[in-house]
Amino acid sequence: MADIRELIPEGYDEFLRGLKERIRTAQVRAALAVNRELVLLYWRIGQDILERQRQSGWGSKVIDRLAADLRSAFPEMSGFSPRNLKYMRAFAEAWPDESIVQEPLAQLTWYHNITILEKLKAAKERLWYASQAIASGWSRNVLVHQIESDLFRRQGKALTNFQRTLPAPQSELAQQIIKDPYNFDFLSLGQEAKERDLEKGLIEHLQKFLLELGVGFAFVGSQYPLEVEGEDFFIDLLFYHLKLRCFVVIDLKMDQFKPEYAGKMNFYLSAVDDLLRHPDDQPSVGIILCRTKKRMIVEYALRDTSKPLGVAEYRITAALPEKLKENLPSIEDLEAELSETANPERHDE
C-alpha cells in the first residue's frame, strides 16, 4: 500500500494551513456573533421587564416567577436566574439607547458588562472602560484591576512637552499612553530601597509592569548600554511602542523630580535616535518616573527641551519595617488562634 504522503500533491500543506486559518477565523466570528446576540437579548429582556414594571406596576417578586417559567421553558439555557434577570433590568435602565448597546457594549461579554455596571456609576466612565477593554482585549480580571486602579483618572495625565515636540496626531497618541501616577502596587520596597531595587522589582514583575504601562509596549532591555565616544551609558529601561512606532526610554528616580533629570533624558533620547532608531521610526520618547514632582518645576524643565519627554509619579506599597514585622503574629500563631476560636469547649476542659 502506497505511503499516504506520496499521494499528497504539491502545495497541499500551504492549502491546508490556509483552510485551518479560515476555519479558526470563522469560529472567532461565530463566537463574537453569538455573544453580540446574547447581550442584545439580555438588554431587550431588561427593557421589557422595565416597561411592564413602569406601566403595569409589577413588583420585584414577578422576576422570581419569570425566572422559574423561563428556566422551565428553556432548560438547556443558562442565564435566567432571578439575579441575572435583575442584572438585565439594571443593564437596560443604565443604557436606554439601544445604539450604544449595539456598538461598544455588545462587543464585550455579559460578565464584562456586569462588572462595569456594578463597579462604576457614571455613564462616561462606563463607556470609557468599555472602549478600552475592547481596544486592549482585557479579560474580566484585567478590567477589574484597571477600574480599581482608577485608570480613567490617570490615563494621559502626565506632564509632557509632546504638543510642542511631536507632530499631530503623534503628540495626542503619545500623551494618551502615559499615565500619572503609575500604580506599582505589585512591588513592596523598604525606605532604604534604591533605584536599582525599583528597576529589579519591575523586571521581576515584568508582566504586571507591562500591564500597567498599557497596550503596545514591547520590552527591549534593562540597563541598556549605549557607547558614545568611548564612554558607556546605561538606560534604566528601554521599550519599543508598537503603535507609536518609536523607542520609549524610561528613567527611574526614587526621589522628587529635579530639573537636571530632563537634561539627562534629553541626552539619552539624542543617543537612541542616533544609534538605535531606524529611518522609518518616529522620534524616541522619554518618560521620567519619580516619587513626587512639583508642577512648575517640571514645566520649566520641559519648556525649552527639544526632545519629547514626560514626567510622571508612581505609587508603590511600602514594605513593613522590621520592628513592626517582629510584633506581628506569625502564620502559626494565627492558625492556633483560629483553632481555639473554632473549638471554644477546649477552654472549659
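The values are calculated or read from the model by the stated rules, or taken from the named source; none is laboratory data. If you're wondering where the values come from, they're calculated on a predicted model, not measured in any experiment. Positions of Cβ are generated from backbone atoms using ideal geometry, with glycine treated the same way; all protein chains shown enter the neighbour counts. Protein only, heavy atoms only, side chains kept; ligands, DNA and RNA dropped before computing areas. Shrake-Rupley method; radii C 1.70, N 1.55, O 1.52, S 1.80 Å.
A few notes on this one:
- Accessible area ranking (1.4 Å probe, heavy atoms, ligands and nucleic acids excluded), largest first, for LEU120, LEU70: LEU70, LEU120.
- MRE, 222 nm, helices only [DSSP H, n ≥ 4, -39500 (n - 2.57), over the chain, to nearest 500]: -16500 deg cm²/dmol
- Cα-Cα over 26 Å, subset of LYS119/LYS200; LYS121/LYS243; LYS124/LYS157: LYS119/LYS200; LYS121/LYS243
- Applying 0.36 nm per residue to the separation of PHE234 and SER188 and subtracting their alpha-carbon distance, the gain on full extension is 14.1 nm.
- Extending 7 Å from the Cα toward the beta-carbon at both ARG245 and ASP274 defines two label points whose distance is 2.5 nm.
- Partner lysines whose Cα lies under 23 Å from the Cα of LYS194, excluding those fewer than 8 positions away in the same chain, are identified as LYS179, LYS208, LYS253, LYS258, LYS264, LYS293, LYS294, LYS323, LYS325.
- Rounded FRET efficiency, nearest 0.05, which uses the C-beta distance separating LYS124 from LEU38 and R0 of 25 Å: 0.45
- Between ASP255, ASP232, ASP64, the GNM of the chain built on Cα springs shorter than 10 angstrom shows ASP232 fluctuating the most.
- Residues of region 160-275: accessible area per residue with a 1.4 Å probe, Å²: 49 Å²
- Low-density loop positions, GluC sites (Glu not before Pro), region 174-277 - DSSP coil, at most 10 other Cβ in 10 Å: GLU192, GLU229
- By the compact-protein rule of thumb, 2.2 N^0.38 Å, the alpha-carbon radius of gyration of the chain corresponds to a ratio of 1.36.
- Computed with every protein chain present, the accessible area of MET296 is close to 90 Å² [probe 1.4 Å].
- A Förster radius of 51 Å combined with the Cβ-Cβ distance from LEU210 to GLU76 puts the calculated FRET efficiency at roughly 0.80.
- Efficiency of FRET from Cβ geometry, LYS200 and TRP58, R₀ 51 Å, rounded to 0.05: 0.25
- Expected-Rg normalisation [2.2 N^0.38 Å, Cα atoms] applied to region 16-171: 1.31
- Rg(Cα) / (2.2 N^0.38 Å) computed for region 118-207, rounded to two decimals: 1.30
- In region 188-322, the alpha-carbon atoms span a convex hull of 120 Å³ per residue.
- Carbon plus sulfur fraction of accessible area for region 114-198, probe 1.4 Å, in percent: 49 percent
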